[in-house]
1. Do the sum for chain A: with -39,500 (n - 2.57) for every DSSP H run of n ≥ 4, divided by all residues, what is the mean residue ellipticity at 222 nm, to the nearest 500 deg cm²/dmol?
2. Based on the Kirkwood radius over alpha-carbon pairs, what is the Stokes-Einstein translational diffusion coefficient of chain B at 10 °C with 1.306 mPa s viscosity, in µm²/s?
3. Relative to the other copies, what are the label-point distances for A:R96, with labels 7 Å from Cα along the C-beta vector, expressed in nm at one decimal and sorted shortest first?
4. Skipping prolines and chain starts, which residues have an amide H placed within reach, meaning under 5 Å, of the one on B:L63, given they are 5 or more residues away or on another chain?
5. If we count other beta carbons within 10 Å of each Cβ, what is the order of A:M100, A:M38, fewest first?
6. Can you put A:T49, A:T78 in order of Cβ neighbours within 10 angstrom, beginning with the fewest?
7. Charges only on Cβ, +1 for Lys and Arg, -1 for Asp and Glu: so what's the dipole of the stretch A:40-127 about the Cα centre, in debye to the nearest 20?
8. Which semi-axes, in whole Å and largest first, does the equivalent ellipsoid of the protein assembly as shown have when worked out from the alpha carbon gyration tensor as the square roots of 5 times its eigenvalues?
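Laboratory data are not the source of any read-out in this text; all were calculated from the coordinates shown. Treat the numbers as computed from the prediction; the structure is a model and nothing was measured. Quick reminder, even Gly has a Cβ in these numbers, built from the backbone with ideal geometry, and neighbours come from all protein chains shown.
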2 protein chains.
Amino acid sequence: MITANAADVDMCEVSVIDRKRVEVARSLMPAIDETDRMAEWFRVLGDPTRTRLLYALLEVGELCVCDLSAVVGATESTVSHSLRWLRAAGIVRARRSGRMMYYSLDDEHVRMLLNLSREHVRHRERGR
Amino acid sequence: MITANAADVDMCEVSVIDRKRVEVARSLMPAIDETDRMAEWFRVLGDPTRTRLLYALLEVGELCVCDLSAVVGATESTVSHSLRWLRAAGIVRARRSGRMMYYSLDDEHVRMLLNLSREHVRHRERGR
DNA sequence: CGCACATATGCACATAGGTTCAAATGTTTG
DNA sequence: CAAACATTTGAACCTATGTGCATATGTGCG
């Protein structure tokens, strides 16, 4: 009798060429909810307005919404909506001062991430 | 008379609180087409299927489409569509061998990026 | 050549998400 | 309190895009 393990799930329907390598990959693959969260994080970063917001905050540390609006060249409403995403993703932190909200980066990884991204873009640029 | 410089563009319409900081941020901000490309790169990564495909390739180096399909648990058509994005973004490379296409990572930064992403996700996980 | 197999592509459909506008909330000031 | 200001929120609109299905392309084999 063949014992069923996690690696056999959903494998019967599709043709597999290198079964061994497939099983190794499946065993090393992160859990689905983990890759989902990772993808969601990237998706939040994957918008030009939000990328620009992050760069603005990266450079000067802290800015209110209307100043961010002036820096990135977007409506204050758009900026507010965008910041909502970034806040929900734990990338940005808000601080209230009077009627203004000051936003700043709240993620140690973002700085490195933006640098990596810029390197990638420039690397590709040279390739053309 | 006030001289107009680059930093004044589009600044007249919105209210600015800290003009000095805004100008600094604007001068340090990457060009729009650069942030656009960065955002596009992130957007390509921002899909669960594609994230999982990258992890599969990260672990075992090279896989054909049907094996990738088995590893990530998606239709071969879906996998092919996803790989198309990754290839267009220069993240993945294809090699033909007979009737099979073998895919592998084609970006030095992706490995580091996925690690950063995973750290972020786990860091947030602990916070709750 | 004709068939089987691996992959790619085009189309259709459903859903997600970005922007705008209008209105609401929260805050300072007179 | 009322008015002005900074920001947020909700709804509507339109575009982008992920997936499934059918079909096309490419390749090896008899």
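1. Working: 6 runs with 78 residues, N = 128.
Rounded to the nearest 500, the figure is -19500 deg cm²/dmol.
2. Values: Rh = 17.8 Å.
Value of D from the Cα-based Kirkwood radius: 89 µm²/s.
3. Label-point distances to the other copies, shortest first: 6.3 nm.
4. Long-range HN contacts for B:L63: B:Y103.
5. Values: A:M100 14, A:M38 26.
Listing A:M100, A:M38 from fewest to most nearby Cβ atoms yields A:M100, A:M38.
6. Working: A:T49 20, A:T78 14.
Ranked by crowding around the Cβ, least crowded first: A:T78, A:T49.
7. Details: 14 positive and 11 negative charges, 18 e Å.
Computed about the Cα centre, the dipole is about 80 debye.
8. Semi-axes from the Cα gyration tensor: 42, 20, 13 Å.
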